[in-house]
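Worksheet for the structure shown next.
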Amino acid sequence: MIIYDTIIIGGGQAGLSVAYFLRRSSLEYLILDNQKKPGGAWLETWESLQLFSPTQFSSISGWQMPKSKGEYPTKKEFIDYLNAYQERYDFPVQRNTAVIQVEKESGIFKIVTNRGVFHAKTVVSTTGTAKNPFVPNYPNQSDFEGTQLHSVEYRNPMIFNGKKVLVVGGGNSGAQILSEVSKVAEAKWVTLEPPQFMPEDIDGRYLFNQANSSYLDNNTQNFEEEVSLSDIVQVESVKEGLKRGIYKAVRPFHSFYKHGVIWQNGEKEVFHAVIWCTGFRANLQHLEALNIIEDNRVKTKNTRSLKEPNLWLVGYGKWTGFASATIYGVGKTARATANEIRAHFKTES
Ligand code: FAD
């Protein structure tokens with residue numbers, strides 16, 4: 001039986017970043033990923049998606065992303081980069097391998113997959129959030145006879161041609177999807193709060209520079225007060241939508257009925273479809289048997305589980321490190337994680 005020193009579950013940008021920092025160690029490690037090619041969540045996004053991070057902030061550790069054609073990279077440019085990154089460093093990745101459950105037996109992790117059982121002394125979970133889309137609950141949601149889909153299922157606006165569509169969610173996804181849906185359909189936008197757009201002259205570069213310097217100063221509280229990584233970046237489609245005046249958001253409705261929604265004032269409005277651009281939660285299902293999940297999170301010190309100290313979690317959100325769920329931010333937590341794993345094996349030997 002082979003017992004790996006480390007198995008990384010998930011071969012997206014977070015998994016590859018951890019692998020980058022482990023590759024020069026003598027540790028025997030393996031990445032398991034359930035997709036057939038590199039790209040992680042980016043493979044499951046809409047066709048016209050533009051990253052909100054400019055090229056220099058869309059690079060993972062060690063190798064700068066080649067300059068994109070436009071100001072902001074397209075999804076294809078970023079997926080190509082991840083493919084080239086994996087090839088460049090020749091990481092040991094086993095694809096088409098879905099981890100079903102992680103168990104612990106006699107101090108060793110038993111990793112049950114659709115392609116057999118793997119064993120490891122330590123595990124890094126980097127399974128992202130895309131497999132766990134979040135849709136809020138509204139009264140009578142199941143009565144609605146129209147189409148409901150999450151942004152993760154949305155590909156392009158064609159099926160909404162001539163329809164009445166409600167786009168829910170005030171982040172980058174909602175703004176980009178609304179822009180193209182509103183060209184073919186009558187679209188309305190629902191957001192919890194009035195949406196916040198980054199000023200045109202202050203683009204994603206500024207946001208990420210601020211994030212970086214605040215991080216380096218260890219001053220993340222001020223950062224959160226001044227700027228937010230969730231403000232809508234004015235990529236081309238958003239600029240164009242602003243010019244058309246489409247971003248008139250209204251606050252949430254009260255409930256659903258058969259043909260649409262009922263607003264807070266009791267008025268009914270017909271909609272053929274609702275697109276939920278309401279985000280994601282950490283995808284941790286495979287860790288359930290370890291009994292460490294509380295409120296869809298694992299208690300950690302930095303990225304290391306407190307209850308299961310041979311397990312690290314990287315890239316899920318603020319709770320796994322500042323800006324760790326962004327391309328630019330994940331590198332710092334990946335490096336720290338690899339260092340901790342190395343130190344763990346040193347003290348063991
Ligand atoms: P993922 O990319 O989801 O990778 C996880 C991998 O693990 C996937 O391949 C998945 O299939 C696999 N996996 C999951 N479960 C299992 C399992 N049980 N067994 C085996 N494999 C498994 N960030 C930025 O910095 N800039 C942006 O412009 C930006 N735009 C975004 C736009 C959208 C629409 C979204 C949703 C996010 C965006 N982000 C952006 C945030 C973030 O960079 C991405 O979500 C990124 O994909 C996260 O990478 P990850 O490696 O953590 O997770």
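The values are calculated or read from the model by the stated rules, or taken from the named source; none is laboratory data. Just so it is clear, the model here is predicted, and its values are computed rather than measured. So basically every Cβ, Gly included, is an ideal-geometry build from the backbone, and we count neighbours across all protein chains shown. Quick note on the areas: whole protein, heavy atoms, side chains included, nothing else; ligands and nucleic acids left out. Shrake-Rupley method; radii C 1.70, N 1.55, O 1.52, S 1.80 Å.
Between helix 204-216 and the chain there is an angle of about 40 degrees, using the helix long axis and the longest principal axis of the Cα atoms. Cα axis of helix 172-184 to longest principal axis of the chain: angle in degrees, 0 to 90, nearest 10? Approximately 40 degrees, to the nearest ten.
In loop segments of the range 20-65 as defined by DSSP, the trypsin sites (Lys or Arg not before Pro) with at most 10 further C-beta atoms inside 10 Å of their C-beta are Arg24, Lys36.
Counted by Cβ distance under 12 Å from Arg244, the other residues give a net charge of +2, where Lys and Arg count +1 and Asp and Glu count -1. Once both labels are positioned 7 Å from their Cα atoms along Cα-to-Cβ, the gap between Arg88 and Glu186 label points is 5.0 nm. Here each label is just a point 7 Å from Cα along the line to Cβ, and for Thr147 and Glu269 those points are 2.0 nm apart. The label-point distance for Phe134 and Lys307, in a model that sets each label 7 Å from Cα toward Cβ, rounds to 2.1 nm. Label point of Arg23 set 7 angstrom out along Cα-Cβ; within the range 311-349, amide nitrogens under 20 Å from it belong to 314-315, 327-343. Helices in the chain, meaning DSSP H runs of at least 4 residues, each add -39500 (n - 2.57). Divided by all residues, the mean residue ellipticity at 222 nm is -8000 deg cm²/dmol.
With Cα atoms defining each centre, the range 298-349 and the range 1-77 are spaced 16 Å apart in the structure.
Once the Cβ-Cβ distance of Ile2 and Met158 is raised to the sixth power relative to R0 = 56 Å, the FRET efficiency obtained is 0.70. Separation of the alpha carbons by more than 20 angstrom is noted, of Lys318/Lys346; Lys75/Lys239; Lys69/Lys332; Lys183/Lys239; Lys121/Lys307, for Lys318/Lys346; Lys69/Lys332. Expressed as a whole percent, the accessible surface of the chain that belongs to carbon and sulfur atoms is 48, based on a 1.4 Å probe. The alpha-carbon atoms of the chain, seen along their principal axes, cover 68, 44, 36 angstrom, with the largest extent given first.
When Rg and Dmax are taken over the Cα atoms of the range 281-349, they come to 12.2, 37 Å. Electrostatic tally near Leu32: other residues with Cβ closer than 11 Å to its Cβ, Lys and Arg +1, Asp and Glu -1, net +1.
Remark: the chain carries 48 Å² of accessible area per residue (probe radius 1.4 Å; ligands, DNA and RNA excluded). Maximal additional length on extending the His119-Lys69 stretch stands at 13.7 nm, based on 0.36 nm per residue less the C-alpha distance. Where does the charge balance sit around Phe256 when Lys and Arg score +1, Asp and Glu -1, over other residues with C-beta under 13 Å from its C-beta? My count for the surroundings of Phe256 gives -1.
Counting only alpha carbon atoms, the long axis of helix 75-89 and the longest principal axis of the chain meet at about 0°.
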